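S.K.: Structure incoming, see below.
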Amino acid sequence: MALASEVHALAGEPEVLPGLRAGKVAVWWFLASETMVFGGLIASALVVRLGGEGWHEASAHLGVTLAAVNTLILLTSSLTVVQAFAAAARGDRASTSLSLALTVAGGLAFLALKAVEYTTEVRAGYTPASGIFWSFYYAMTGLHALHVAAGVVVNAVLLVAGRLRTPQRVELAGLYWHFVDVVWIFLFPLLYLS
Amino acid sequence: MTGSRAPNYVAIWVWLVALALASLAAGLLPGGRTVTVAVVFAAATVKALLVALNYMHLRFEPRLVHALALVPLLVVAVLAVALVPDLVLRR
Amino acid sequence: MGQGAVVVTTARAHGPAQSWVSRVFSTDHKTIGKQYLALGVFWAVVGGLLAGAMRWQLAWPDGRVPGLGEIGPDTYNMLVTMHGTIMVFFVAMPILLGAFGNFLIPLMIGARDMAFPRLNMLSVWTFALASLVLLASFFVPGGAASAGWTAYPPLSARPDYSGVEWGLNLWILALALEFASFLMGGVNYLTTAMALRAPGMTFFRLPMLVWQQLTAATLFLLSVGPLIAGAVMLLLDRTLGTGFYAPELGGDPLLWQHLFWFFGHPEVYVIFLPALGIVLEILPVFSRKPLFAYRWIVWATVTAGALSFVVWAHHMFQSGMDPRLAMPFSVTTILISVPFAFIVFCMIATLWGGALRFDPPMLWALGFLTMFIVGGLTGIFNGSAPADIYLRNTYFVVAHFHYTLFSAVVFGGFAGLYFWFPKMFGRLLPARLGTLHFWLTLVAFNVTFFPMHHLGLAGMVRRIANPLQYDLLVPYQWVNVVATLGALGLLGAQVAFVAAVVQALITGRRAPANPWEANTLEWAAPSPPLHLNWGARVPIVHRGPYEYSRPDQPTDWLPQHAAAAPAGR
């Protein structure tokens, strides 16, 4: 049962094009499908916003400061995760671990601040049932937060399980993490600054 | 990504932070909400491109990977445009 | 690719030596393909029985359906919903994509397995979990989902409207898991075909089945996302009181319809293309002629795939959507018939003048071709918005999609099963039982569904439990009885297949490696192939897959991997 993987290991990871490994292509296909998920959600929100009333007014009740801090945290964690890859590629295990740890910490901080935000909003009476803006707000940030959590898990596994950590895997984890960052780059203005 | 071909990740980060702060300040611009929204989304697009091209290394990948990144966006655009008549124009 | 250089000296055979544990937890693509097949066949039985119950109710509305008693509208809605859901997501996709794709793609491209064998195992296990969740939904209070396989809100968004609470939530969950399973599979198929082709296997030497599977995988990967978004929104409407689809809360039911059909239309090609691929493999083998216009078929397939993303609103002509969308979507819908018609002509041209062999795979392939022509023609009527005003939601539409989907799932699926059964299971299926199975199915299928064209034109609408409630339908009730008798015959005809399989596995002759004298690489492996498919070395490919009846060859076939020198072996 393990033989198939061994065969691939013997031959080196299969390549789609010279220098382009199958694993990376697979992750980009996965990101393409994820783009369709978030794209569908964002397109729906955008269109409903353009056709409806009260979006701007409802959005004014969000706490921009906390979300702005979260934006900066996520941007910085994108930096640290790509630095983790660069460190792994040059064989610097200590730097890789540090960068991965910072990335994990950033992700956890993001989730913690998001939880604070949600609590504040719910306490103020703004639930998913409070109107179409709030429905979209909770749906989009909730789905995004689930993706952040998944990314935290992946990065934490690579941080802790040194045997599993190859430069290729760090790169692929980073690709996913950057995608999650890019989604937030669009969610933030759509929800908080419009 | 090794050696001289790698982007300067920290420099990119500086630009990302600058654009984020500029977006926050866009509300202070004259010209009303439309201008603010346009500036904010333009900044978001630039940030996304910076991340995609430099952190995700699209700048260095073959065209196949560019296609994988680009085609879904075009398909989403088709969906968004088709939603406009029902969800925007008839409200 | 470094594959040819890898010498594998251990090649365990499958067989009694393997424990059941290693068979269940296998990462071998051939085993995973069979697991998908088993699950798909299980659900085909369930889905078929649901249809039998529906047809019984429609023929004798005031009577009792065997096993279910008297059926009211709510129960009927559940039967309709689960029949459609099961057939589309739990029969068609696992059999056509999961089973045939998994089993054949690595063999046909000359690989030892998929690029990600453990991801492959995860995908079939996720599908098994989805199956459990869907099965569970039958037994929860309130029963299984009953808002149609299309789940339009507000019926689907408000549990107080449908009377179904957990059933619909589990339905959404089961579909989410099914989507995850096929997303994993799709990524695996595409990456495998891109990375693991044997030396000499260029893209334009790939068997057509591989092209069709890859296009289907691409369509699924790019179309399911918006529906996942929509399903999240539906679940939130049901559980958290959000208002995505509720006008009184600022939402719109049409948003769901757009998101659903944006996926729903490419989905029918996700189902159809793998079946087309199966038939495109079979026709050259049993005509002893090359596939006509191979490259053009590839371009037609890719064109149809691209067009499939811009036709979806033809499912919504009567939904109350903006009428200005009707004309553009009618145009694109008529346009998409062109590449498919072209492919049909190529199939006919492949057969033309061939030395036809009418073994069961060929019979089923011919059934696919003829029944798809009927279904495709009625598609043109439905796709024209003015005609659709009259036809929409009637049995005319039911006839259309059964002619096309049945062509794919049943005729295409059985064509593939009869063709590759020897390779998969090492036994030959008895030809006489196979021929009987085909003719019984073909006749019963047409008795069931052809009259539905007339029923629809006469005004019978879909999803009604009792046609006799409508005075205008009373004179046509005999047609419903005929269709039901056909449906019962259709179910009964499948006994012939069961008998054929039992006979093959118990007393059947062992199959040689290449019983059909076919050229593609899977026939170069033993029947069934060994673990890791190829012995010491993967094959090297020298030519395309359809070199049949070459004038310069002593035999009428020339395998892809055979050396350049003449003499067919």
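S.K.: So what is the 222 nm mean residue ellipticity for chain A from helices alone, if each DSSP H run of at least 4 adds -39500 (n - 2.57) and you divide by all residues, rounding to the nearest 500 deg cm²/dmol?
M.R.: Working: 7 runs with 156 residues, N = 194.
My calculation for chain A gives -28000 deg cm²/dmol from helical runs alone.
S.K.: Show me, for the stretch C:28-43, the HN-Hα J-couplings you get by feeding each phi into the Karplus relation (A = 6.51, B = -1.76, C = 1.60, θ = phi - 60°), rounded to Hz, glycine and proline as x.
M.R.: 6, 4, 6, 5, 4, x, 5, 5, 4, 4, 4, 5, x, 5, 4, 5
S.K.: Calculate the spin-label point distance for C:ARG64 paired with C:PHE381, positioning each point 7 Å from the Cα along the beta-carbon direction, and give it in nanometres.
M.R.: Once both label points are built, they end up 3.9 nm from each other.
S.K.: Provide A:TYR118, C:TYR161, C:TYR269 in ascending order of the number of other Cβ atoms located within 10 Å of each residue's Cβ, fewest first.
M.R.: Fewest-to-most Cβ neighbours within 10 Å comes out as C:TYR161, A:TYR118, C:TYR269.
S.K.: Moving to a separate point now. List every residue whose amide H lies under 5 Å from the amide H of A:LEU20, counting only residues 5 or more places away in sequence or on a different chain, with H placed 1.01 Å from N in the peptide plane.
M.R.: none
S.K.: Now, a different point. Residue-wise, which Karplus ³J(HN,Hα) couplings in Hz belong to the stretch B:36-46, taking 6.51 cos²θ - 1.76 cosθ + 1.60, θ = phi - 60°, and x for glycine or proline?
M.R.: 3J(HN,Hα) across the stretch B:36-46, in whole Hz: 4, 4, 4, 5, 5, 6, 4, 4, 4, 5, 4.
S.K.: Would you mind ranking C:TRP296, A:TRP55, C:TRP171, C:TRP352 so that the residue whose beta carbon has the fewest other beta carbons within 10 Å leads the list?
M.R.: Details: C:TRP296 13, A:TRP55 22, C:TRP171 25, C:TRP352 10.
Result, fewest neighbours first: C:TRP352, C:TRP296, A:TRP55, C:TRP171.
S.K.: Be a star and scan the stretch C:351-387 for residues whose amide nitrogen sits under 13 Å from the point 7 Å along the Cα-to-Cβ vector of C:MET327.
M.R.: C:385-386
S.K.: Okay, next question. Can you compute 3J(HN,Hα) from phi for each residue in the stretch C:316-328, using the Karplus curve 6.51 cos²θ - 1.76 cosθ + 1.60 with θ = phi - 60°, rounded to whole Hz and x for Gly and Pro?
M.R.: In residue order, the calculated couplings are 10, 3, 9, 7, x, 5, 3, x, 5, 7, 5, 5, x Hz.
S.K.: I've got another one for you. Which cross-chain or sequence-distant (5 or more) residues have an amide H under 5 Å from the amide H of C:VAL65, H modelled 1.01 Å from N in plane?
M.R.: Residues meeting the criterion, in which the H sits 1.01 Å from N, are C:GLU70, C:ILE71.
S.K.: Same structure, new question: So, in nm, how far is label C:PHE345 from label A:THR127 when the simple model puts each one 7 Å beyond its Cα toward the Cβ?
M.R.: With each label placed 7 Å out from Cα toward Cβ, I get 6.2 nm.
S.K.: Give me the compactness ratio for the stretch C:452-518, meaning the Cα radius of gyration over 2.2 N^0.38 Å.
M.R.: Details: Rg = 20.9 Å, N = 67, 2.2 N^0.38 = 10.9 Å.
This ratio for the stretch C:452-518 stands at 1.92.
S.K.: Now a separate question. Starting from the Cα coordinates of chain B, work out the convex hull volume and express it per residue in Å³.
M.R.: Spread over its residues, the Cα hull of chain B gives 107 Å³ apiece.
S.K.: Taking a label point 7 Å from the Cα of A:ASP92 along the Cα→Cβ vector, which residues of the stretch B:39-67 have an amide N closer than 18 Å to it?
M.R.: B:55
S.K.: To continue, here is another question. Dipole magnitude of chain B about its Cα centre, charges +1 at Lys/Arg Cβ and -1 at Asp/Glu Cβ only, in debye to the nearest 20? Walk me through the intermediate numbers first.
M.R.: Values: 7 positive and 2 negative charges, 16 e Å.
Dipole about the Cα centre, nearest 20: 80 debye.
S.K.: Take the eigenvalues of the Cα gyration tensor for the protein assembly as shown, scale each by 5, and report the square roots as semi-axes in whole Å, largest first. Write down the numbers at each step before the final one.
M.R.: Details: eigenvalues 389, 277, 108 Å².
The equivalent ellipsoid of the protein assembly as shown has semi-axes of 44, 37, 23 Å.
S.K.: Where the convex hull is taken over the Cα atoms of the stretch C:35-524, what is its projected area averaged over directions, in nm²? Walk me through the numbers on the way to the answer.
M.R.: On the way: hull surface 89.5 nm².
If I average the Cα hull's projected area over directions, I get 22.4 nm².
S.K.: If I stretch the segment between C:ALA355 and C:THR507 completely, what's the gain in nm (0.36 nm per residue apart, minus their alpha carbon distance), one decimal? Provide the component values of the computation, followed by the final result.
M.R.: Details: separation 152, 0.36 × 152 = 54.72 nm, distance 3.09 nm.
Contour length minus Cα-Cα distance gives 51.6 nm.
S.K.: Could you tell me the ratio Rg/Rh of the stretch A:23-192? Both radii from Cα atoms, Rh via Kirkwood. Please list the in-between numbers first.
M.R.: Values: Rg = 17.3 Å, Rh = 16.9 Å.
Rg divided by Rh gives 1.02.
S.K.: Near B:PHE60, within a Cβ-to-Cβ distance under 15 Å, what is the net charge of the other residues, with Lys and Arg +1 and Asp and Glu -1?
M.R.: Values: positive: A:ARG21, A:LYS24, B:ARG5, B:ARG59, B:ARG63; negative: A:GLU171, B:GLU61.
For residues surrounding B:PHE60, the net value is +3.
S.K.: May I ask you to list the aspartates and glutamates whose Cα is less than 20 Å away from that of A:LYS114, ignoring any residue fewer than eight positions away on the same chain?
M.R.: Once the sequence-local aspartates and glutamates are set aside, what remains near A:LYS114 is A:ASP181.
S.K.: Modelled label-to-label distance, A:LEU17 and A:LEU146, 7 Å Cα→beta-carbon offset: nm?
M.R.: 3.4
S.K.: Show the residues, 5+ positions off or on another chain, whose built amide H is closer than 5 Å to the amide H of C:TRP557.
M.R.: Answer set, sorted by chain and number: C:SER549.
S.K.: Along the positive direction of the dipole of the stretch C:442-569 (beta-carbon charges: Lys, Arg +1; Asp, Glu -1; about the Cα centre), which of C:ALA513, C:PRO475, C:ILE464 reaches farthest?
M.R.: Sorting the options by dipole projection puts first C:ALA513.
S.K.: Considering only A:SER77, A:ALA101, A:ALA145, whose Cα is most displaced toward the positive end of the charge dipole of chain A, charges sitting on Cβ of Lys, Arg (+1) and Asp, Glu (-1)?
M.R.: Most positive-ward Cα: A:ALA101.
S.K.: Rounded to the nearest 20 debye, what is the charge dipole size of the stretch A:23-192 about its Cα centre when +1 sits on each Lys and Arg Cβ and -1 on each Asp and Glu Cβ?
M.R.: On the way: 9 positive and 8 negative charges, 129 e Å.
It works out to roughly 620 debye.
S.K.: Report, to two decimal places, the Cα Rg of the stretch C:76-198 normalised by 2.2 N^0.38 Å (N = number of residues).
M.R.: Values: Rg = 17.1 Å, N = 123, 2.2 N^0.38 = 13.7 Å.
That ratio works out to 1.25.
S.K.: Rank the residues C:ILE228, C:ILE348 as a footprinting-exposure proxy: fewest other Cβ atoms within 10 Å of their Cβ go first.
M.R.: Ranking C:ILE228, C:ILE348 by Cβ neighbours within 10 Å, fewest first, gives C:ILE348, C:ILE228.
Read-outs: derived from the displayed coordinates by stated rules, not from any lab. All of these numbers come straight from a predicted model, not from anything done at the bench. Counting neighbours? That spans all protein chains shown, and the Cβs are built from the backbone with ideal geometry, glycine included.
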